[in-house]
1. Quick one: 3J(HN,Hα) in Hz for the range 140-155, Karplus 6.51/-1.76/1.60 with θ = phi - 60°, rounded, Gly and Pro as x.
2. Leaving out ligands, DNA and RNA, what percent of the accessible area of the range 10-179 is carbon and sulfur, probe 1.4 Å?
3. Under a crude label model (7 Å from the Cα following the beta-carbon direction), how far is residue 342 from residue 316 in nanometres?
4. Quick check: pseudo-label points 7 Å beyond the Cα along Cα→Cβ at residue 13 and residue 249, how many nm apart are they?
5. Per DSSP H run of at least 4 residues, take -39500 (n - 2.57); add these up for the chain, divide by its residues and hand me the 222 nm value, nearest 500 deg cm²/dmol.
6. What is the percent carbon and sulfur in the accessible area of the range 254-387, measuring with a 1.4 Å probe over the protein chains and ignoring ligands?
7. Work out how much length residue 240 to residue 60 would gain on full extension: take 0.36 nm times their residue separation and subtract the Cα-Cα distance, in nm to one decimal.
8. Below 12 angstrom from the Cβ of residue 349, what's the summed charge of the other residues (Lys, Arg +1; Asp, Glu -1)?
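The values are calculated or read from the model by the stated rules, or taken from the named source; none is laboratory data. Computed from a predicted model, the values in this text were never measured in an experiment. Glycine also receives a Cβ, built like all others from the backbone with ideal geometry; neighbour counts cover every protein chain displayed. Accessible surface is based on the protein model in full, side chains and every heavy atom, while ligands, DNA and RNA are left aside. Shrake-Rupley method; radii C 1.70, N 1.55, O 1.52, S 1.80 Å.
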Amino acid sequence: MVSGSLECPVRGEMLSSVVPAKATGGNKDLELTSMDLAMKLHYIKGVYFFQPEAAQGLSIHDLKEPMFQCLELYYAASGRIRRSESGRPFIKCNDGGVRIVEAQCDKSVDEWLAMARNNDHMLTHDQVLGPDLGFSPLVFVQFTRFKCGGVSVGLSWAHVLGDAFSASNFLNLWGQIMAGKQVPLQPNSPAHNISQFPISISRKPFSLKKVDPVGDYWLTPNNSKMVTHSFRITAKQLHYYITTYCIHDPNKISDFEIILAMIWQSLSKAREDSGPNIVTICSNNSADKMAMLPSNGMTLSTVEADFCVSKVEIGELAKLIAEKRMDENGLIGELIKGDEVRSDFIVYGANLTFVNLEGMNVYGIEMKGLKPVCVNYMMNGVGEEGTVVVLPSNEKDGGNNGKMVTITLPQHLLLKLNNRLQIDWNIVI
């Protein structure tokens, strides 16, 4: 159940840097797209938990050494933010490196996973770009040793560099190199999204919220205490929800869509019908999920309800989500390409934002041939409307189609949502 954060059991942080094994070539400039700039105030955090047998005998040298070759291929991750004469940010691929963090935890892996899941962020570095952008690493990797001998790999990834799929690919590549597997000799370019919108702007995108200028300190201003909590929904539960509440079109409703509908409706009830009537959906749209040049290849879409969300049948709400999404990538591209290029925006939490990571290969990484026992991803720099991240769960929860759900909301709202999810769906977070 939802509870306050425990006294920090993570201690003894030591920082070092890793750079590419070879020079990646002449300070290349990586131009940032409009979608990159839309996401620049957000940060991705991923945590991978490994039991002692996966980490036994591995020194910090063993964990750091594969990163050198990984950065040779994924060289943009070693870059630093610069500004052009016009003020538009870009990434200078100058081999500045990523930061490695070493830490210890006073608990075992099993003890950590048995606790209320609102503290996974402690296993990642608290990253913000700026105020000196030219010296701020885009990526931190934290290795935390647990008292049982297990280890967690915590990734802090600046969203301006790429989306969660890019971040996950980065760690999977590191794992492949550590395992001695063959990897591509040359980096390949990311696939690009094709906008479904005409060039001219017919309206401003609903999925973006303009915020006060932040200058060179890229942190989302926020007046509420935001808290994050994670919970699992099993494959058996999801099958029951879909077959019971979506009886007209059970095969047309995905796990993600039923989760979205359930949380949207429960939150509307928790807010006593004061909304939200519009939500944002972030899903991956890249044809090449293994591109080594990271990119923000997601599709941002919105769904608007013209009825009372708290009172509608859940199957109808799921059907609305499945059929009435409005793609906003083209609108965002044209807005930020124009006069708003110097403005600052947020996406996560501008509306209640649902991030679909179902297709992400989070359990593709291995240490000594063993997969992580648990993986969690969350977003940082979230606005007050909140964010819900849905990704695959492990195979111990009743089938390999279970989901991990991570919610970030203002603290008072998360407590109310917890009560509604217990009443409506028998889900305890």
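1. With coefficients 6.51, -1.76 and 1.60, one gets 10, 10, 10, 9, 10, 8, 8, 5, 7, x, x, 8, 10, 10, x, 9 Hz.
2. Its accessible area is 50 percent carbon and sulfur atoms.
3. My value for the distance between the label points is 4.9 nm.
4. Rounded to a tenth, the inter-label distance reads 4.7 nm.
5. Rounded to the nearest 500, the figure is -7500 deg cm²/dmol.
6. Working: 1990 of 4510 Å².
Carbon plus sulfur share of accessible area: 44 percent.
7. Using 0.36 nm per residue and subtracting the Cα-Cα distance, I get 60.3 nm.
8. After counting each charged neighbour, the total is -1.
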